[in-house]
Amino acid sequence: MSKPEAIYRQDYQPSDYLIHTTELSFELFENETLVTAKVHYYQNPKVKNPPNSLFLNGKNLELIEILIDGFQPDYQLKNDGLQLKNLPADFVLEITTKIHPETNTSLNGLYKTSGNFCTQCEAHGFRQITYYLDRPDVLSVFTTRITADFKRYPILLSNGNLLENQPGTATWFDPHPKPCYLFALVAGDLAVLQDTFTTKSGAEVALKIYVEKHNISKTKFAMESLKRAFAWDERRFGLEYDLEIYMIVAVDDFNMGAMENKGLNIFNSKYVLANPDTATDSDFINIEAVIGHEYFHNWTGNRVTCQDWFQLSLKEGLTVFRDQEFTSDLHARSIKRITDVKALRTLQFAEDSGPMAHPVRPESYIEMNNFYTMTVYEKGAEVVRMIHTLLGEAGFQRGLKLYFQRYDGQAVTIDDFVEAMSEANNFDFADFMAWYSTSGTPQIRIKNSANKITISQPDERLFPLKYGVLDCEGSELESGVLIMKGKQKQFDFSHLPADCRFSWLRDFSAPVKLKP
Ligand code: SER
Ligand code: ZN
(Lines give C-alpha, C1' and ligand atoms only; values in the text may rest on other atoms or scores of the structure.)
(Ligands and ions follow the chains in the order given, each with its own letter.)
Protein backbone atom coordinates (compact mmCIF):
# COMPACT_ATOMS: atom_id res chain seq x y z
CA MET A 1 0.00 0.00 0.00
CA SER A 2 1.26 3.47 -0.80
CA LYS A 3 1.89 5.93 2.01
CA PRO A 4 -1.11 8.20 2.59
CA GLU A 5 -0.43 11.71 1.42
CA ALA A 6 -1.38 14.91 3.20
CA ILE A 7 -3.48 17.54 1.44
CA TYR A 8 -2.63 21.18 2.21
CA ARG A 9 -5.00 24.13 2.38
CA GLN A 10 -2.51 26.38 0.60
CA ASP A 11 -2.49 24.04 -2.41
CA TYR A 12 -6.12 24.80 -3.26
CA GLN A 13 -6.76 25.27 -6.98
CA PRO A 14 -10.15 25.72 -8.59
CA SER A 15 -11.32 22.82 -10.73
CA ASP A 16 -10.29 22.90 -14.42
CA TYR A 17 -13.73 21.60 -15.35
CA LEU A 18 -17.14 22.35 -13.87
CA ILE A 19 -20.45 20.49 -14.18
CA HIS A 20 -23.74 21.69 -15.70
CA THR A 21 -25.94 18.67 -15.00
CA THR A 22 -25.68 15.26 -13.41
CA GLU A 23 -28.14 12.50 -14.34
CA LEU A 24 -27.83 9.40 -12.24
CA SER A 25 -29.53 6.08 -12.68
CA PHE A 26 -29.35 3.38 -9.99
CA GLU A 27 -30.40 -0.21 -10.58
CA LEU A 28 -30.45 -1.82 -7.16
CA PHE A 29 -30.09 -5.60 -6.92
CA GLU A 30 -29.35 -7.96 -4.04
CA ASN A 31 -25.80 -8.81 -5.15
CA GLU A 32 -24.75 -5.67 -7.04
CA THR A 33 -25.84 -2.18 -7.99
CA LEU A 34 -25.36 -0.57 -11.37
CA VAL A 35 -24.84 3.18 -11.44
CA THR A 36 -25.00 5.11 -14.69
CA ALA A 37 -23.91 8.72 -14.50
CA LYS A 38 -24.46 11.07 -17.41
CA VAL A 39 -22.55 14.23 -16.57
CA HIS A 40 -22.16 17.39 -18.63
CA TYR A 41 -18.70 18.88 -18.02
CA TYR A 42 -17.32 22.19 -19.29
CA GLN A 43 -14.03 24.02 -18.86
CA ASN A 44 -13.97 26.43 -15.94
CA PRO A 45 -14.02 29.90 -17.51
CA LYS A 46 -12.12 31.24 -14.49
CA VAL A 47 -9.11 28.97 -15.06
CA LYS A 48 -6.55 30.38 -17.50
CA ASN A 49 -5.34 27.89 -20.13
CA PRO A 50 -7.02 24.86 -18.56
CA PRO A 51 -5.51 21.50 -19.53
CA ASN A 52 -7.51 19.15 -21.75
CA SER A 53 -7.31 16.37 -19.17
CA LEU A 54 -9.34 15.70 -16.06
CA PHE A 55 -8.94 13.44 -13.04
CA LEU A 56 -12.14 12.04 -11.55
CA ASN A 57 -12.16 10.54 -8.05
CA GLY A 58 -13.27 6.95 -7.67
CA LYS A 59 -12.88 4.24 -5.04
CA ASN A 60 -13.92 0.57 -5.00
CA LEU A 61 -15.65 0.93 -8.36
CA GLU A 62 -15.84 -1.56 -11.20
CA LEU A 63 -15.90 0.29 -14.51
CA ILE A 64 -18.43 -1.26 -16.89
CA GLU A 65 -18.76 1.29 -19.66
CA ILE A 66 -17.42 4.74 -20.49
CA LEU A 67 -18.35 7.06 -23.34
CA ILE A 68 -17.61 10.70 -24.08
CA ASP A 69 -20.13 12.30 -26.44
CA GLY A 70 -21.00 8.75 -27.49
CA PHE A 71 -17.43 7.61 -28.23
CA GLN A 72 -14.73 5.62 -26.44
CA PRO A 73 -12.52 8.20 -24.69
CA ASP A 74 -8.81 8.24 -23.99
CA TYR A 75 -8.57 7.29 -20.32
CA GLN A 76 -6.45 5.57 -17.73
CA LEU A 77 -7.69 3.83 -14.59
CA LYS A 78 -5.77 4.68 -11.40
CA ASN A 79 -5.92 3.41 -7.83
CA ASP A 80 -7.97 6.35 -6.66
CA GLY A 81 -9.77 7.39 -9.83
CA LEU A 82 -9.87 7.85 -13.52
CA GLN A 83 -7.67 10.06 -15.72
CA LEU A 84 -9.42 11.39 -18.84
CA LYS A 85 -7.24 12.76 -21.64
CA ASN A 86 -7.60 14.73 -24.89
CA LEU A 87 -10.88 16.25 -23.83
CA PRO A 88 -12.96 18.85 -25.63
CA ALA A 89 -13.86 22.05 -23.76
CA ASP A 90 -17.41 20.83 -23.27
CA PHE A 91 -18.53 17.19 -23.22
CA VAL A 92 -20.97 14.66 -21.85
CA LEU A 93 -19.45 11.74 -20.00
CA GLU A 94 -21.56 8.60 -19.64
CA ILE A 95 -20.11 6.14 -17.25
CA THR A 96 -21.49 2.94 -15.79
CA THR A 97 -19.99 1.43 -12.66
CA LYS A 98 -20.82 -1.61 -10.62
CA ILE A 99 -20.74 -1.28 -6.84
CA HIS A 100 -21.51 -3.52 -3.89
CA PRO A 101 -23.60 -1.77 -1.24
CA GLU A 102 -24.57 -5.19 0.15
CA THR A 103 -20.98 -5.77 1.36
CA ASN A 104 -19.99 -2.14 2.01
CA THR A 105 -19.25 -1.95 5.74
CA SER A 106 -17.49 1.43 5.57
CA LEU A 107 -20.86 3.25 5.98
CA ASN A 108 -19.61 5.63 3.26
CA GLY A 109 -21.08 5.83 -0.22
CA LEU A 110 -24.05 3.52 -0.84
CA TYR A 111 -24.53 0.78 1.76
CA LYS A 112 -27.18 -1.33 3.42
CA THR A 113 -28.57 -1.00 6.91
CA SER A 114 -31.30 -3.27 8.31
CA GLY A 115 -32.00 -4.48 4.77
CA ASN A 116 -32.49 -0.97 3.33
CA PHE A 117 -30.21 1.02 1.03
CA CYS A 118 -28.87 4.38 2.18
CA THR A 119 -25.96 6.74 1.52
CA GLN A 120 -23.43 8.87 3.35
CA CYS A 121 -21.39 11.07 1.01
CA GLU A 122 -19.78 13.70 3.26
CA ALA A 123 -16.87 14.11 3.03
CA HIS A 124 -15.62 11.71 0.33
CA GLY A 125 -18.35 9.07 -0.03
CA PHE A 126 -19.62 9.96 -3.50
CA ARG A 127 -16.43 8.64 -5.10
CA GLN A 128 -17.54 5.19 -3.89
CA ILE A 129 -20.67 5.55 -6.08
CA THR A 130 -19.26 6.76 -9.41
CA TYR A 131 -16.22 8.50 -10.94
CA TYR A 132 -16.85 12.19 -10.30
CA LEU A 133 -15.33 15.51 -9.25
CA ASP A 134 -15.76 14.70 -5.57
CA ARG A 135 -15.02 18.16 -4.17
CA PRO A 136 -17.39 20.66 -2.53
CA ASP A 137 -16.69 23.54 -4.93
CA VAL A 138 -18.15 21.74 -7.97
CA LEU A 139 -21.91 22.22 -7.94
CA SER A 140 -24.50 20.67 -10.22
CA VAL A 141 -28.21 20.05 -10.47
CA PHE A 142 -28.99 16.36 -10.07
CA THR A 143 -31.62 14.11 -11.61
CA THR A 144 -31.77 10.70 -9.95
CA ARG A 145 -33.65 7.68 -11.22
CA ILE A 146 -33.86 4.63 -8.99
CA THR A 147 -35.14 1.20 -9.94
CA ALA A 148 -35.48 -1.66 -7.49
CA ASP A 149 -37.64 -4.65 -6.63
CA PHE A 150 -40.94 -3.07 -5.60
CA LYS A 151 -41.77 -5.77 -3.04
CA ARG A 152 -38.54 -5.31 -1.10
CA TYR A 153 -38.04 -1.61 -1.68
CA PRO A 154 -41.37 0.17 -2.16
CA ILE A 155 -39.93 3.50 -0.97
CA LEU A 156 -37.37 5.10 -3.32
CA LEU A 157 -36.00 8.49 -2.28
CA SER A 158 -33.43 11.02 -3.42
CA ASN A 159 -32.82 14.77 -3.25
CA GLY A 160 -35.17 17.45 -4.51
CA ASN A 161 -38.71 17.14 -5.79
CA LEU A 162 -40.34 13.92 -6.99
CA LEU A 163 -40.79 13.95 -10.78
CA GLU A 164 -42.19 10.50 -11.35
CA ASN A 165 -43.08 7.49 -9.24
CA GLN A 166 -44.32 4.09 -10.32
CA PRO A 167 -44.02 0.74 -8.62
CA GLY A 168 -40.32 -0.16 -8.79
CA THR A 169 -39.04 3.16 -10.08
CA ALA A 170 -38.82 6.79 -9.02
CA THR A 171 -37.22 9.89 -10.53
CA TRP A 172 -36.17 12.90 -8.46
CA PHE A 173 -34.93 16.28 -9.59
CA ASP A 174 -33.07 18.69 -7.34
CA PRO A 175 -33.14 22.17 -8.90
CA HIS A 176 -30.63 23.61 -6.43
CA PRO A 177 -27.05 23.16 -7.62
CA LYS A 178 -25.13 21.23 -5.00
CA PRO A 179 -21.81 19.50 -4.47
CA CYS A 180 -21.96 15.69 -4.52
CA TYR A 181 -21.36 15.38 -0.76
CA LEU A 182 -25.01 16.46 -0.37
CA PHE A 183 -26.29 13.67 -2.61
CA ALA A 184 -28.50 11.03 -0.95
CA LEU A 185 -30.45 7.95 -1.90
CA VAL A 186 -32.66 5.70 0.21
CA ALA A 187 -34.51 2.56 -0.87
CA GLY A 188 -36.41 0.39 1.52
CA ASP A 189 -39.56 -0.86 3.10
CA LEU A 190 -40.25 2.00 5.47
CA ALA A 191 -43.18 3.51 7.32
CA VAL A 192 -43.78 7.24 7.10
CA LEU A 193 -45.17 9.95 9.36
CA GLN A 194 -46.45 12.86 7.28
CA ASP A 195 -47.28 16.47 7.97
CA THR A 196 -47.01 19.83 6.24
CA PHE A 197 -45.51 23.24 6.93
CA THR A 198 -46.62 26.44 5.23
CA THR A 199 -43.74 28.86 4.82
CA LYS A 200 -44.18 32.55 5.55
CA SER A 201 -44.46 33.26 1.84
CA GLY A 202 -47.27 30.71 1.57
CA ALA A 203 -45.59 27.65 0.05
CA GLU A 204 -46.74 24.32 1.42
CA VAL A 205 -43.94 21.88 2.17
CA ALA A 206 -44.61 18.16 2.62
CA LEU A 207 -42.78 16.87 5.70
CA LYS A 208 -42.02 13.16 5.88
CA ILE A 209 -40.21 11.09 8.45
CA TYR A 210 -39.35 7.57 7.31
CA VAL A 211 -38.47 4.83 9.79
CA GLU A 212 -38.57 1.06 10.05
CA LYS A 213 -42.19 0.03 10.54
CA HIS A 214 -41.88 -1.01 14.20
CA ASN A 215 -40.59 2.48 15.09
CA ILE A 216 -43.39 4.58 13.66
CA SER A 217 -44.92 5.29 17.09
CA LYS A 218 -41.66 6.98 18.17
CA THR A 219 -41.58 9.70 15.49
CA LYS A 220 -44.07 12.27 16.75
CA PHE A 221 -41.60 14.38 18.72
CA ALA A 222 -39.18 14.52 15.77
CA MET A 223 -41.97 15.86 13.54
CA GLU A 224 -42.93 18.51 16.09
CA SER A 225 -39.24 19.46 16.36
CA LEU A 226 -38.95 19.77 12.59
CA LYS A 227 -41.88 22.17 12.42
CA ARG A 228 -40.39 24.23 15.25
CA ALA A 229 -37.09 24.39 13.32
CA PHE A 230 -38.82 25.61 10.14
CA ALA A 231 -40.70 28.29 12.09
CA TRP A 232 -37.70 29.42 14.16
CA ASP A 233 -35.40 29.89 11.16
CA GLU A 234 -38.03 32.11 9.55
CA ARG A 235 -38.60 34.06 12.76
CA ARG A 236 -35.04 34.60 13.93
CA PHE A 237 -33.09 34.60 10.64
CA GLY A 238 -35.75 35.24 7.99
CA LEU A 239 -34.73 32.00 6.22
CA GLU A 240 -37.31 29.91 4.38
CA TYR A 241 -37.26 26.41 2.98
CA ASP A 242 -36.90 26.03 -0.79
CA LEU A 243 -38.27 22.66 -2.02
CA GLU A 244 -41.73 21.04 -2.11
CA ILE A 245 -40.70 18.28 0.24
CA TYR A 246 -38.44 17.74 3.27
CA MET A 247 -37.62 14.18 4.24
CA ILE A 248 -35.88 12.60 7.20
CA VAL A 249 -34.90 8.95 7.21
CA ALA A 250 -33.76 7.20 10.39
CA VAL A 251 -31.25 4.37 10.04
CA ASP A 252 -29.53 2.23 12.67
CA ASP A 253 -26.06 2.10 11.12
CA PHE A 254 -24.67 5.59 10.66
CA ASN A 255 -21.19 7.05 11.19
CA MET A 256 -22.29 10.52 12.27
CA GLY A 257 -25.21 11.94 14.22
CA ALA A 258 -27.06 12.90 11.07
CA MET A 259 -26.48 14.33 7.60
CA GLU A 260 -27.98 17.38 5.93
CA ASN A 261 -28.35 16.01 2.35
CA LYS A 262 -30.48 18.43 0.35
CA GLY A 263 -34.16 17.68 1.03
CA LEU A 264 -33.33 14.19 2.33
CA ASN A 265 -31.66 14.16 5.73
CA ILE A 266 -30.39 10.81 6.94
CA PHE A 267 -30.24 10.36 10.69
CA ASN A 268 -28.76 7.98 13.16
CA SER A 269 -32.03 6.65 14.59
CA LYS A 270 -31.09 7.69 18.13
CA TYR A 271 -31.61 11.33 17.08
CA VAL A 272 -35.09 10.69 15.69
CA LEU A 273 -36.80 8.03 17.76
CA ALA A 274 -38.18 8.80 21.17
CA ASN A 275 -40.41 6.52 23.15
CA PRO A 276 -42.41 8.97 25.27
CA ASP A 277 -42.60 6.41 28.11
CA THR A 278 -38.85 6.11 28.55
CA ALA A 279 -37.10 9.06 26.86
CA THR A 280 -35.51 11.58 29.23
CA ASP A 281 -35.68 15.37 28.99
CA SER A 282 -32.18 15.44 27.56
CA ASP A 283 -33.09 12.80 24.93
CA PHE A 284 -35.88 15.10 23.76
CA ILE A 285 -33.66 18.20 23.76
CA ASN A 286 -30.98 16.36 21.78
CA ILE A 287 -33.44 15.14 19.16
CA GLU A 288 -34.82 18.64 18.72
CA ALA A 289 -31.31 20.10 18.50
CA VAL A 290 -30.06 17.62 15.88
CA ILE A 291 -33.25 17.93 13.79
CA GLY A 292 -32.78 21.70 14.00
CA HIS A 293 -29.06 21.47 13.18
CA GLU A 294 -29.64 19.51 9.97
CA TYR A 295 -32.52 21.74 8.95
CA PHE A 296 -30.46 24.92 9.53
CA HIS A 297 -27.75 23.51 7.24
CA ASN A 298 -30.16 24.07 4.36
CA TRP A 299 -28.95 27.67 4.32
CA THR A 300 -25.67 27.48 6.22
CA GLY A 301 -24.04 24.57 4.40
CA ASN A 302 -26.25 23.77 1.40
CA ARG A 303 -27.29 27.09 -0.19
CA VAL A 304 -23.86 28.43 0.72
CA THR A 305 -21.33 25.64 0.96
CA CYS A 306 -17.58 25.19 1.55
CA GLN A 307 -14.92 25.83 -1.07
CA ASP A 308 -12.78 22.98 0.30
CA TRP A 309 -12.85 20.76 3.39
CA PHE A 310 -10.48 23.04 5.32
CA GLN A 311 -13.48 25.38 5.51
CA LEU A 312 -15.63 22.75 7.25
CA SER A 313 -16.20 25.07 10.23
CA LEU A 314 -17.74 27.62 7.87
CA LYS A 315 -20.84 25.45 7.82
CA GLU A 316 -20.42 23.51 11.06
CA GLY A 317 -19.36 26.27 13.46
CA LEU A 318 -22.10 28.53 12.13
CA THR A 319 -24.75 25.80 12.16
CA VAL A 320 -23.86 24.64 15.69
CA PHE A 321 -24.15 28.29 16.77
CA ARG A 322 -27.58 28.38 15.12
CA ASP A 323 -28.77 25.15 16.75
CA GLN A 324 -27.54 26.40 20.14
CA GLU A 325 -29.58 29.56 19.66
CA PHE A 326 -32.61 27.48 18.61
CA THR A 327 -32.48 25.49 21.85
CA SER A 328 -31.79 28.66 23.87
CA ASP A 329 -34.73 30.56 22.37
CA LEU A 330 -37.12 27.66 22.87
CA HIS A 331 -36.00 26.52 26.32
CA ALA A 332 -33.78 27.84 29.12
CA ARG A 333 -30.95 29.93 27.66
CA SER A 334 -28.76 29.81 30.75
CA ILE A 335 -29.05 26.03 31.19
CA LYS A 336 -28.20 25.52 27.51
CA ARG A 337 -25.17 27.79 27.83
CA ILE A 338 -23.92 26.07 30.99
CA THR A 339 -24.31 22.63 29.36
CA ASP A 340 -22.45 23.69 26.22
CA VAL A 341 -19.63 25.44 28.08
CA LYS A 342 -19.16 22.44 30.37
CA ALA A 343 -18.79 20.16 27.34
CA LEU A 344 -16.44 22.63 25.67
CA ARG A 345 -14.19 22.97 28.73
CA THR A 346 -13.97 19.25 29.40
CA LEU A 347 -13.87 17.81 25.87
CA GLN A 348 -12.73 20.53 23.47
CA PHE A 349 -10.15 22.08 25.81
CA ALA A 350 -8.69 18.57 26.29
CA GLU A 351 -8.58 18.01 22.52
CA ASP A 352 -6.91 21.40 22.10
CA SER A 353 -4.13 20.65 24.59
CA GLY A 354 -3.42 17.09 23.44
CA PRO A 355 -1.85 15.35 20.45
CA MET A 356 -5.01 15.87 18.37
CA ALA A 357 -4.91 19.69 18.75
CA HIS A 358 -5.66 21.49 15.49
CA PRO A 359 -6.97 24.92 14.50
CA VAL A 360 -10.67 25.51 13.74
CA ARG A 361 -9.46 25.80 10.16
CA PRO A 362 -6.82 23.06 9.78
CA GLU A 363 -3.91 23.53 7.38
CA SER A 364 -3.61 19.92 6.23
CA TYR A 365 -5.29 16.56 6.46
CA ILE A 366 -4.65 12.98 5.47
CA GLU A 367 -8.12 11.61 6.21
CA MET A 368 -10.82 14.29 6.25
CA ASN A 369 -13.18 12.10 8.27
CA ASN A 370 -10.86 12.60 11.26
CA PHE A 371 -11.61 16.33 11.29
CA TYR A 372 -15.24 16.15 12.32
CA THR A 373 -14.09 17.24 15.75
CA MET A 374 -15.10 19.19 18.85
CA THR A 375 -12.68 21.89 17.68
CA VAL A 376 -14.21 22.35 14.21
CA TYR A 377 -17.79 22.10 15.53
CA GLU A 378 -17.90 23.41 19.10
CA LYS A 379 -14.92 25.77 19.19
CA GLY A 380 -16.01 26.84 15.70
CA ALA A 381 -19.41 27.74 17.18
CA GLU A 382 -17.70 29.71 19.99
CA VAL A 383 -15.80 31.71 17.38
CA VAL A 384 -19.07 32.54 15.61
CA ARG A 385 -20.59 33.39 19.00
CA MET A 386 -17.74 35.87 19.63
CA ILE A 387 -18.55 37.55 16.29
CA HIS A 388 -22.17 37.73 17.45
CA THR A 389 -21.11 39.24 20.79
CA LEU A 390 -18.86 41.79 19.09
CA LEU A 391 -21.50 42.90 16.55
CA GLY A 392 -24.69 42.35 18.55
CA GLU A 393 -27.79 40.58 17.21
CA ALA A 394 -28.69 43.30 14.68
CA GLY A 395 -25.12 43.58 13.38
CA PHE A 396 -24.76 39.81 13.12
CA GLN A 397 -28.01 39.60 11.15
CA ARG A 398 -26.78 42.37 8.83
CA GLY A 399 -23.60 40.42 8.21
CA LEU A 400 -25.42 37.18 7.54
CA LYS A 401 -27.79 38.93 5.14
CA LEU A 402 -24.85 40.25 3.14
CA TYR A 403 -23.25 36.79 3.25
CA PHE A 404 -26.35 35.19 1.67
CA GLN A 405 -26.80 38.03 -0.83
CA ARG A 406 -23.26 37.64 -2.01
CA TYR A 407 -22.70 33.91 -1.86
CA ASP A 408 -26.03 32.12 -2.32
CA GLY A 409 -25.41 29.14 -4.62
CA GLN A 410 -21.63 29.31 -4.17
CA ALA A 411 -18.83 27.45 -2.39
CA VAL A 412 -16.88 29.88 -0.23
CA THR A 413 -14.33 30.28 2.55
CA ILE A 414 -14.28 31.29 6.19
CA ASP A 415 -12.56 34.52 5.06
CA ASP A 416 -15.58 35.28 2.84
CA PHE A 417 -17.89 34.83 5.84
CA VAL A 418 -15.85 37.07 8.12
CA GLU A 419 -15.44 39.61 5.34
CA ALA A 420 -19.25 39.85 4.97
CA MET A 421 -19.59 40.33 8.74
CA SER A 422 -16.85 42.96 8.61
CA GLU A 423 -18.21 44.94 5.66
CA ALA A 424 -21.81 44.95 6.83
CA ASN A 425 -20.70 46.42 10.16
CA ASN A 426 -17.55 48.34 9.34
CA PHE A 427 -15.73 46.23 11.94
CA ASP A 428 -12.10 45.19 11.52
CA PHE A 429 -11.65 41.45 12.16
CA ALA A 430 -7.96 41.29 11.15
CA ASP A 431 -6.82 40.60 14.74
CA PHE A 432 -9.63 38.08 15.19
CA MET A 433 -8.52 35.60 12.52
CA ALA A 434 -6.03 33.89 14.86
CA TRP A 435 -9.08 32.13 16.35
CA TYR A 436 -9.34 30.22 13.08
CA SER A 437 -5.66 29.62 12.45
CA THR A 438 -4.16 28.83 15.87
CA SER A 439 -4.74 25.72 17.94
CA GLY A 440 -4.73 25.66 21.74
CA THR A 441 -6.69 27.49 24.42
CA PRO A 442 -5.26 30.91 25.29
CA GLN A 443 -4.71 31.72 28.96
CA ILE A 444 -5.54 35.24 29.90
CA ARG A 445 -4.57 37.11 33.05
CA ILE A 446 -6.49 39.88 34.70
CA LYS A 447 -4.79 42.13 37.29
CA ASN A 448 -6.58 44.71 39.35
CA SER A 449 -4.73 47.56 40.91
CA ALA A 450 -7.10 50.06 42.55
CA ASN A 451 -9.71 49.34 39.86
CA LYS A 452 -7.21 49.89 37.09
CA ILE A 453 -7.49 46.60 35.21
CA THR A 454 -4.67 45.08 33.16
CA ILE A 455 -5.54 42.21 30.85
CA SER A 456 -2.82 40.19 29.16
CA GLN A 457 -2.73 37.23 26.80
CA PRO A 458 -0.04 35.11 25.15
CA ASP A 459 -0.71 36.43 21.65
CA GLU A 460 -2.50 39.43 20.20
CA ARG A 461 -5.95 38.27 19.32
CA LEU A 462 -9.13 40.22 19.50
CA PHE A 463 -11.97 38.87 21.65
CA PRO A 464 -14.96 40.14 23.62
CA LEU A 465 -14.71 40.01 27.39
CA LYS A 466 -18.09 40.36 29.06
CA TYR A 467 -18.04 41.60 32.61
CA GLY A 468 -20.14 42.89 35.45
CA VAL A 469 -19.24 44.87 38.56
CA LEU A 470 -20.96 44.33 41.90
CA ASP A 471 -20.90 46.35 45.10
CA CYS A 472 -20.12 44.64 48.40
CA GLU A 473 -23.85 43.94 48.88
CA GLY A 474 -23.95 42.05 45.57
CA SER A 475 -25.92 44.64 43.61
CA GLU A 476 -24.76 45.22 40.08
CA LEU A 477 -23.08 48.58 39.50
CA GLU A 478 -22.37 48.16 35.81
CA SER A 479 -21.86 45.58 33.11
CA GLY A 480 -20.64 45.50 29.52
CA VAL A 481 -18.28 44.07 26.95
CA LEU A 482 -14.58 44.96 26.83
CA ILE A 483 -12.81 44.42 23.53
CA MET A 484 -9.46 42.86 24.22
CA LYS A 485 -6.69 43.06 21.65
CA GLY A 486 -2.93 43.22 21.69
CA LYS A 487 -0.74 41.43 24.20
CA GLN A 488 -1.73 43.68 27.06
CA LYS A 489 -4.44 46.28 27.54
CA GLN A 490 -5.60 48.51 30.37
CA PHE A 491 -9.11 49.46 31.32
CA ASP A 492 -9.82 52.16 33.86
CA PHE A 493 -12.60 51.49 36.37
CA SER A 494 -11.33 53.94 38.98
CA HIS A 495 -14.70 55.70 38.97
CA LEU A 496 -16.08 52.69 40.89
CA PRO A 497 -15.93 52.21 44.68
CA ALA A 498 -12.69 50.68 45.97
CA ASP A 499 -14.44 47.64 47.44
CA CYS A 500 -16.40 46.62 44.32
CA ARG A 501 -16.08 43.12 42.84
CA PHE A 502 -15.58 42.20 39.20
CA SER A 503 -17.27 39.28 37.55
CA TRP A 504 -15.29 38.35 34.42
CA LEU A 505 -16.03 36.35 31.30
CA ARG A 506 -19.79 36.38 31.69
CA ASP A 507 -21.66 34.00 29.36
CA PHE A 508 -18.19 32.56 28.73
CA SER A 509 -17.78 35.26 26.10
CA ALA A 510 -14.51 33.80 24.74
CA PRO A 511 -13.12 30.23 24.78
CA VAL A 512 -10.18 31.05 27.05
CA LYS A 513 -8.75 29.95 30.38
CA LEU A 514 -8.80 32.68 32.96
CA LYS A 515 -5.80 32.89 35.27
CA PRO A 516 -6.00 35.19 38.25
N1 SER B 1 -22.49 17.32 8.25
C2 SER B 1 -23.02 16.44 9.25
C3 SER B 1 -23.54 17.27 10.35
O4 SER B 1 -22.88 18.10 10.87
C5 SER B 1 -22.02 15.45 9.69
O6 SER B 1 -21.70 15.43 11.01
O7 SER B 1 -24.65 17.17 10.73
ZN1 ZN C 1 -23.52 19.92 10.82
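What to note about this one:
- Volume of the convex hull of the range 365-438 (Cα atoms only), normalised per residue: 97 Å³.
- Computed log₁₀ I(q)/I(0) - Debye formula, equal Cα scatterers, no solvent, the range 421-516, q 0.15, 0.25 Å⁻¹: -0.64, -1.39
- The 3J(HN,Hα) values that the Karplus relation (6.51, -1.76, 1.60; θ = phi - 60°) gives for the range 259-268 are, in residue order, 9, 8, 2, 4, x, 9, 6, 10, 10, 4 Hz. Gly and Pro appear as x.
- Qualifying trypsin sites (Lys or Arg not before Pro) in the range 1-71, DSSP loop, other Cβ atoms within 10 Å at most 13: K46, K48
- Spread of Cα-to-Cα distances over 10 Å intervals beginning at zero, given as percent, for the range 356-491: 10, 33, 33, 17, 5, 1
- Accessible area per residue, Å², the range 342-415 with all protein chains present, probe 1.4 Å: 41
- Taking only protein heavy atoms and a 1.4 Å probe, the accessible area of the chain is 49% carbon and sulfur.
- Computed with the Debye formula from one identical point scatterer per Cα of the range 102-194, without solvent, the log10 of I(q)/I(0) at q = 0.11, 0.16, 0.19, 0.21 Å⁻¹ comes to -0.32, -0.67, -0.93, -1.10.
- Residues with amide H under 5 Å from that of K513, placed H, sequence gap 5 or more: Q443, I444
- Helix-only CD estimate at 222 nm, as mean residue ellipticity for the chain, using -39500 (n - 2.57) per DSSP H run (n ≥ 4): -7000 deg cm²/dmol
- Using θ = phi - 60° and Karplus 6.51 cos²θ - 1.76 cosθ + 1.60, couplings along the range 469-486 (whole Hz; Gly, Pro as x): 10, 10, 7, 6, 8, x, 7, 6, 8, 7, 8, x, 10, 8, 9, 8, 7, x
- Computed FRET value (nearest 0.05) for K447 with K78, which takes r as the C-beta separation and R₀ as 51 Å: 0.25
- Kirkwood radius, the range 1-149, all distinct C-alpha pairs, inverse of mean reciprocal distance: 16.2 Å.
- Altogether, the Stokes-Einstein calculation at 37 °C and 0.692 mPa s, with the Kirkwood radius of the chain over Cα pairs as Rh, returns a diffusion coefficient of 133 µm²/s.
- Reciprocal mean inverse distance between Cα atoms of the range 315-425 - Kirkwood radius, Å: 15.1
- Each Lys and Arg contributes +1 and each Asp and Glu -1, all at the Cβ; summed about the Cα centre of the chain, the dipole is approximately 1160 debye.
- Whole-percent P(r), the range 141-235, all Cα pairs, 5 Å bins from 0: 3, 12, 17, 19, 22, 18, 7, 2, 0.
- Each residue of the range 21-29 was assigned a 3J(HN,Hα) from its phi angle through the Karplus curve 6.51 cos²θ - 1.76 cosθ + 1.60 (θ = phi - 60°); the sequence is 9, 10, 10, 10, 10, 10, 10, 9, 10 Hz, with glycine and proline shown as x.
- Loop-located trypsin sites (Lys or Arg not before Pro) in the range 274-378 (DSSP state other than H, G, I, E, B) with a sparse environment of at most 16 neighbouring Cβ atoms within 10 Å are absent.
The values are calculated or read from the model by the stated rules, or taken from the named source; none is laboratory data. All values derive from a computational prediction rather than experimental measurement. Positions of Cβ are generated from backbone atoms using ideal geometry, with glycine treated the same way; all protein chains shown enter the neighbour counts. Only protein heavy atoms, including side chains, enter the accessible area calculation; ligands, DNA and RNA are left aside. Shrake-Rupley method; radii C 1.70, N 1.55, O 1.52, S 1.80 Å.
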